[in-house]
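Worksheet for the structure shown next.
The values are calculated or read from the model by the stated rules, or taken from the named source; none is laboratory data. What you are looking at is a predicted structure, and each value in this text was computed from that prediction instead of being measured. A quick note on method: Cβ atoms are made from the backbone with ideal geometry, for glycine too, and the neighbour counts reach across all protein chains shown. The area values use the complete protein model at the heavy-atom level, side chains included, leaving out ligands, DNA and RNA. Shrake-Rupley method; radii C 1.70, N 1.55, O 1.52, S 1.80 Å.
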Amino acid sequence: QVQLVESGGGLVQAGGSLRLSCAASRSSSSLNAMGWYRQAPGKQREFVAAIASSGSTNYADSVKGRFTCSRDNAKNTVYLQLNSLKPDDTAVYYCWVLTRGGANYWGQGTQVTVSS
């Protein structure tokens, strides 16, 4: 079992920035990948970004060049830096991890609201 605690959401104007954090209860060395998904009202949850244990990253096309996913293995934490935010980025953002055993875990979600 892995518990994930997110922080950093909030209300920001278009063009602004936020930084999300997600701390895992298990050593990140046991986690194959860490990342973020989001779900806007009335829409399905969608992939945003992920970072593998190797440090390689992957991003949704809609956020490339604006969002940066990173991890601090010493703190068992994954981050999502959100820059140049748009109203379409408004959603609940969920932290996600994939263990080396193949299990998926999700955080409780943090709201990001971008006003125009």
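Side notes on the structure shown:
- Taking 4.7 Å between C-beta atoms as the pairing limit, the chain has these partnerless cysteines: C69.
- In the chain, a dipole from Cβ-located charges (positive for Lys and Arg, negative for Asp and Glu) runs towards its positive end, and of S25, L85, V114 it is S25 whose Cα lies farthest in that direction.
- Our analysis of segment 1-60 gives Rg over Rh at 1.00, with the two radii drawn from alpha carbon positions and Rh computed by the Kirkwood formula.
- Cα-centre dipole for segment 34-116 with unit charges at Cβ (Lys and Arg positive, Asp and Glu negative), debye to 20: 100 debye
- The tail of the calculated P(r) for segment 55-94, taken as Cα-Cα distances beyond 15 Å, holds 46 percent of the pairs.
- Accessible-area composition of segment 28-93, carbon plus sulfur, in percent [1.4 Å probe]: 44 percent
- Averaged over its residues, segment 22-116 has an accessible area of 48 Å² per residue, based on protein heavy atoms and a 1.4 Å probe.
- Ranked order, E6, E46 - accessible area, probe 1.4 Å, largest first: E46, E6
- In sequence order, segment 8-20 has phi-based couplings of x, x, x, 9, 9, 7, 3, x, x, 9, 9, 10, 9 Hz under the Karplus curve 6.51 cos²θ - 1.76 cosθ + 1.60, θ = phi - 60°, and Gly or Pro positions carry x.
- Per-residue accessible area (protein heavy atoms, 1.4 Å probe) orders R100, R66, R26 as R100, R26, R66, starting from the largest.
- Taking only the Cα atoms of the chain, the radius of gyration and Dmax are 13.3, 43 Å.
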